[in-house]
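Student: Here it is, the structure in full.
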Amino acid sequence: MNSIKREKLPGTAIFINLTAIFICAIFLTSCQHSLRKLIPQKTIITGQVSGHEYTQGNNTISIFWVDMISGGNKKIIEFDTSGKFQWETEIAHKQVIRLFYKDFYDLRLSPGDSIHVVIDANILNNTEFSWENFYTAITVTGTSEELNKEMIRFMTFYHEEILDKEMDLRLQARLDGYQYTIAINDQLKKHNEALEKYVLEHTHSKAFKEWAKRKIKFKSWLNLSSYPMYHSVANGIPPKVFHDSIPENYYDFVDISNTDQLIVLDNYEYLAFLDDYFAEVVFFGVSEDTLMKIKKDKINVGHKIFDAHMHQVLKHKDGMIKDILIAKTIDSRLQQNNYEYLQYTDYTNLIENSYIKSRITAEVNQLKKRYEESLRDGFPTISEKDTHDNLLQSIKTKHQDKILYIHIWSPSCAPCLIQVPHSNTIKAELTANNVEFIFLANGCDEDSWQKAIEAHNIQGDHYRLTKVQYGELSELYEIKSIPHYLLVDKEGRIIDSDAPRPSNMEALKNTLKTIM
């Protein structure tokens, strides 16, 4: 990202510089070599929620993790009447997962781990909430026991001294990019000072101290990378319009070239940052003028937009981050299960890292297999003119033979929340007429999304969009601000891409009469 000034070096400097290059080459080769050897291993979490009053529908925990390619993931796990649960997965590198019960517990895992987690619900239910009490309620045993003891002690400090989501969101909404960058740099300095004080007062391994320092650093990166989306949503500015106004050097804080990728992958914040960075720099990084020219041409539009996104990726020189961004770009298309995207997968050959390449190659092969089966079984494929609709296809499939009233909203959007009571009022009447309410949230994390749904009693089926998904919807349906509403008929066709708001009940009912 940063430009490098090149000057002629004297002879001695050349020798020293060549030596440095040689040493760096050995280091980078070693790092890449270790990454090539990343092998997914079975990792097991067993556990028990003791003291939980079991009732049907009130017997789950959730596990969240961020994958370097596919991004955020969530798994809901039921526990039995005694509170016991088990989850098995495969991981290829050290990473942090978040276990949700009442709130989020961060746990560190290594490939091949087998850990046992016990959560004491009595402590959570019978004591005044504090982060100290919250983390007192959990014990971890097994292969990463010592590592997670350090984590539990540290996370109490982190929540009390470092994390302040409400303040972060207020700053993101209120400040311009320059002001926000200064605020985050000041915040990072204070957080590092607090961390230095903490490590002097507690015994932690050197490796854990370094990990904690990286966590705080990457929290600032995550805040900075999520700023464009949050700021635009909070201020009613179309994200693409706001992104095009951001100076190119805004992302100079990303010192990727000097980052040991294998080490940083065990930071949840870093992997979440990669997701935001991908959306902002790759997806939104293509200018509006470029997109307009592509759409005006009307020939191979999907392929040309894909090439434009990939052009943004190939600006990166660092091998590892470039490999991840190539993989994310291809994965974002493959996840739509659109067979025409198979013709775009030649970029897979540009991926140098064998682990990442094998992941994407496996996805491509799976889609090819489904395509071959569809030809054999006579199923229709999806034409290019329908590709944007695939974003909603899974929702349409789940709600077949229903009229869908789709709300596009965000927990940080005050006008969106004003519409909720009106939506709940009219929902009972419209549900009787086979109308289902679908809420697509954007510009939010999992925590704020779930809490907003509960706090405002938002009634309907809920989905959380990625930045890429919201960007595609906003481009296709010309969404300039939120809340925004779509109406889909029983055949799955968008019959109103700018439907009336719930507060305008008569206009909404009149529109619905034409399709009921």
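Student: Restricting to the stretch 199-234, what's the tally of residues that are polar (S, T, N, Q) and over 30 Å from Leu465 (Cα atoms)? Even if it seems obvious, please write down each step before you answer.
Tutor: The initial filter retains those residues of the stretch 199-234 that are polar (S, T, N, Q), namely 203, 205, 220, 223, 225-226, 232.
Applying the additional criterion that residues be over 30 Å from Leu465 (Cα atoms) yields 203, 205.
Matching residues across the stretch 199-234 total 2.
Student: Going residue by residue through the stretch 230-237, is there one that turns out to be outside the structural domain of Leu342 (by TED's automatic domain parsing), of a type in the set (Ser, Thr, Tyr), at pLDDT 85 or above and under 25 Å from His484 (Cβ atoms)? Show your work before the answer.
Tutor: The first filter runs over the stretch 230-237 and keeps only residues outside the structural domain of Leu342 (by TED's automatic domain parsing), leaving 230-237.
The next check asks that each one be of a type in the set (Ser, Thr, Tyr); those that pass are 230, 232.
Among the residues that remain, those that are also at pLDDT 85 or above are: 230, 232.
Cutting the leftovers down to under 25 Å from His484 (Cβ atoms) gives us 230, 232.
There is at least one residue in the stretch 230-237 that is outside the structural domain of Leu342 (by TED's automatic domain parsing), of a type in the set (Ser, Thr, Tyr), at pLDDT 85 or above and under 25 Å from His484 (Cβ atoms).
Student: Among the numbered criteria (1) crowded, with 16+ Cβ neighbours inside 10 Å; (2) at pLDDT below 80, which single criterion is violated by Lys317?
Tutor: With respect to (1) crowded, with 16+ Cβ neighbours inside 10 Å; (2) at pLDDT below 80, Lys317 is out only on (1).
Student: Then there's this: Please verify whether the stretch 440-458 includes one or more residues that are under 19 Å from His399 (Cα atoms), touching a His at 6+ places or on another chain (Cβ under 9 Å) and in contact (Cβ under 8 Å) with a residue 40 or more places away in the chain. Steps first, please.
Tutor: First, the residues of the stretch 440-458 that are under 19 Å from His399 (Cα atoms): 440-441, 458.
Within this subset, residues satisfying the condition of being touching a His at 6+ places or on another chain (Cβ under 9 Å) are 440-441, 458.
Subset that is in contact (Cβ under 8 Å) with a residue 40 or more places away in the chain: none.
No, that holds for no residue.
To keep it simple, each residue is scored yes or no on (1) modelled with pLDDT under 85; (2) within 26 Å of Leu147 (Cα to Cα); (3) within 24 Å of the chain's Cα centre (by Cα); (4) assigned by TED's automatic domain parsing to the domain that holds Leu465.
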site	(1), (2), (3), (4)
Asn267	no, yes, yes, no
Tyr277	no, no, yes, no
Ile294	yes, no, no, no
Val301	yes, no, no, no
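Student: From the set of residues in the stretch 280-313 that are over 23 Å from Asp346 (Cβ atoms) and either touching a residue at least 40 places away in the same chain (Cβ under 8 Å) or among the aliphatic types (A, V, I, L, M) (or both), which is surrounded by the fewest Cβ atoms within 10 Å (Cβ to Cβ)?
Tutor: Here the residue is Met292.
Okay, residues lined up against (1) on the phi > 0 side of the Ramachandran plot; (2) in contact with a helix residue (DSSP H, G or I) (Cβ under 7 Å, 6 or more places away or on another chain); (3) among the charged types (D, E, K, R); (4) in contact (Cβ under 8 Å) with a residue 60 or more places away in the chain:
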| site | (1), (2), (3), (4) |
| --- | --- |
| Glu78 | no, no, yes, no |
| Asp113 | no, no, yes, yes |
| Trp131 | no, yes, no, no |
| Gln172 | no, yes, no, yes |
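Student: Right, here's the next one. Pull up the stretch 455-473, narrow it to residues that are among the aliphatic types (A, V, I, L, M) and part of a helix (DSSP H, G or I), then point me to the one that is nearest to the chain's Cα centre (by Cα).
Tutor: Just the residues of the stretch 455-473 that are among the aliphatic types (A, V, I, L, M), to begin with: 455, 458, 465, 468, 473.
From what is left, the residues that are part of a helix (DSSP H, G or I) are 455, 468, 473.
Values: Ala455: 23, Val468: 10, Leu473: 17 Å.
The extreme case among them is Val468.
Student: Output the residues belonging to the stretch 143-198 that are loosely packed, with under 13 Cβ neighbours inside 10 Å and either touching a Cys at 6+ places or on another chain (Cβ under 6 Å) or among the β-branched types (Val, Ile, Thr) (or both).
Tutor: Ile182
Student: Out of the residues in the stretch 482-516 that are part of a loop (DSSP other than H, G, I, E, B) and of a type in the set (Asp, Glu), state the one that is modelled with the lowest pLDDT. Lay out the reasoning, then the answer.
Tutor: Of the residues in the stretch 482-516, the ones part of a loop (DSSP other than H, G, I, E, B) are 482-483, 489-493, 497-504, 514-516.
Add one more test, that the residue is of a type in the set (Asp, Glu), and what stays is 489, 491, 498.
Working: Asp489: 87, Glu491: 82, Asp498: 89.
Going through the qualifying residues, I end up with Glu491.
Student: Condition test on Asp252, is it over 30 Å from Gln95 (Cα atoms), among the acidic types (Asp, Glu), more than 19 Å from the chain's Cα centre (by Cα) and in a helix (DSSP H, G or I)? Working first, answer last.
Tutor: On the way: over 30 Å from Gln95 (Cα atoms): no; among the acidic types (Asp, Glu): yes; more than 19 Å from the chain's Cα centre (by Cα): yes; in a helix (DSSP H, G or I): yes.
In short, no.
Student: If you take just the helices (runs of 4 or more DSSP H) that sit entirely in the stretch 68-181, which of them hold at least 1 residues that are among the aliphatic types (A, V, I, L, M)? Don't jump to the end; show me each part of the working.
Tutor: Values: elements: 121-126, 131-136, 145-157, 165-174.
The qualifying helices (runs of 4 or more DSSP H) are 121-126, 145-157, 165-174.
Results for (1) buried (at least 21 other Cβ atoms within 10 Å of the Cβ); (2) of a type in the set (D, E, K, R), shown as yes or no for each residue.
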| site | (1), (2) |
| --- | --- |
| Cys416 | yes, no |
| Asn424 | no, no |
| Lys427 | no, yes |
| Leu440 | yes, no |
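Student: Does Ile479 satisfy the condition of being touching a residue at least 12 places away in the same chain (Cβ under 8 Å), in contact with a strand residue (DSSP E or B) (Cβ under 7 Å, 6 or more places away or on another chain), within 16 Å of Gly236 (Cα to Cα) and assigned to a loop (DSSP other than H, G, I, E, B)?
Tutor: Numbers: touching a residue at least 12 places away in the same chain (Cβ under 8 Å): yes; in contact with a strand residue (DSSP E or B) (Cβ under 7 Å, 6 or more places away or on another chain): yes; within 16 Å of Gly236 (Cα to Cα): yes; assigned to a loop (DSSP other than H, G, I, E, B): yes.
For Ile479, the condition - touching a residue at least 12 places away in the same chain (Cβ under 8 Å), in contact with a strand residue (DSSP E or B) (Cβ under 7 Å, 6 or more places away or on another chain), within 16 Å of Gly236 (Cα to Cα) and assigned to a loop (DSSP other than H, G, I, E, B) - is met.
Student: Out of the stretch 199-233, which residues are acidic (Asp, Glu) and either surrounded by 16 or more Cβ atoms within 10 Å (Cβ to Cβ) or within 16 Å of His243 (Cα to Cα) (or both)?
Tutor: Residues of the stretch 199-233 acidic (Asp, Glu): 201, 210.
Result: no residue meets the conditions.
The values are calculated or read from the model by the stated rules, or taken from the named source; none is laboratory data. Since the model is a prediction, treat every value here as computed from it, not as a measurement. Virtual Cβ from ideal backbone geometry, glycine too; neighbours counted across all protein chains shown.
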